[in-house]
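Below: the structure, in structure tokens.
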Amino acid sequence: QVMQRENLEGRPVYFVSSNTHSITHVLSGVSRRRERELTDYIRETQHPELLPELHKRERGTARGAWDNVLYSAARSWFHGSHMAKERRVRQDEEEAVGITYLEPSGPLDVGVQVIELAKLDPRWFDPRLEGLDPTSSDAVIVNINYPLGMAAYHIMSQVGAAVETILGVYILGKAATLNGRIGDIMMSNVVFDEHSGN
């Protein structure tokens, strides 16, 4: 529906399965523009995981990227019951740079983002994307909110049937990393379909 409404039909697609908040943070600048508010929020809530990171940053001993702390703080900050207006502002900011989100409306409870690369503003990208400028691309990212198993397969098959050109498929998830540590990257070398036994 979004592809039709925004005249994006026929565009090449990068298909991504990940948390919908992850790509948005990195590409939109929504959290970076609210650094002061998010820092205040971390202090006010005495957030047990983020407050120590804030203190490390202030002492100059932080090892991780500050943007990661902002992204994490933004998730709970935006979801406060009194933040409806701020959520609408965030949505407007995202749509202004070509990021459209669709709430799940069918039998599969999976949100979808459609991201038009040419509309993105590299000035607001996460600093780790320095030098990346996708604005001359006619491609679109279709990001689905991280379904598992047959739901993921079903959505992928539907996208494959509806899209002319798929430039890449990227599956980002964390369910299998429950046995790992923060920062680990785990890649499967076997896929087992419980339904068919394949």
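Miscellaneous remarks
- Degrees between helix 50-59 axis and first principal axis of the chain (Cα, 0 to 90, nearest 10): 60 degrees
- Net charge over other residues, Cβ less than 15 angstrom from the Cβ of V2 (K, R count +1; D, E count -1): -3
- Charge sum, other residues only, whose C-beta stays under 10 Å from R33's C-beta, Lys/Arg counted +1 and Asp/Glu -1: +1
- Environment charge at E116 (Cβ cut-off 14 Å; Lys +1, Arg +1, Asp -1, Glu -1): -3
- Mean shadow area of the stretch 1-106, taken as a quarter of the surface of its Cα convex hull (nm²): 8.7 nm²
- Here the sum of -39500 (n - 2.57) over DSSP H runs of 4 or more residues, divided by the residues of the chain, equals -11000 deg cm²/dmol at 222 nm, to the nearest 500.
- Kirkwood-type radius of the stretch 84-166, with distances r between different C-alpha atoms, in Å: 14.6 Å
- Between helix 35-45 and the chain: long-axis angle, C-alpha atoms, 0 to 90°, nearest 10: 70 degrees
- Look at the alpha carbon pairs under 8 Å that are at least 6 residues apart: their mean separation over the length of the chain gives a relative contact order of 35 percent.
- In the stretch 12-127, the portion of solvent-accessible area held by carbon and sulfur atoms comes to 49 percent [1.4 Å probe, whole percent, DNA, RNA and ligands not counted].
- Annotation: per residue accessible area for the stretch 1-145 equals 56 Å², rounded to a whole number [probe 1.4 Å, protein chains only].
- Relative contact order (%) - criterion: Cα under 8 Å, at least six apart; region: the stretch 44-125: 17 percent
- Normalised by residue number, the volume inside the convex hull of the Cα atoms of the chain is 162 Å³ per residue.
- Projected area, mean over directions - the stretch 61-108, Cα convex hull, nm²: 5.5 nm²
- Prolate/oblate/rounded call for the stretch 1-51, Cα gyration tensor, a/c under 1.5 rounded: prolate
The values are calculated or read from the model by the stated rules, or taken from the named source; none is laboratory data. Only a predicted model underlies this, so the values are computations on that prediction, with no experimental measurement involved. Methodologically, a virtual Cβ is constructed for each residue, glycine included, from the backbone with ideal geometry; neighbour enumeration extends over all protein chains shown. Side chains are part of the model used for accessible areas, which takes the heavy atoms of the whole protein and leaves out ligands, DNA and RNA. Shrake-Rupley method; radii C 1.70, N 1.55, O 1.52, S 1.80 Å.
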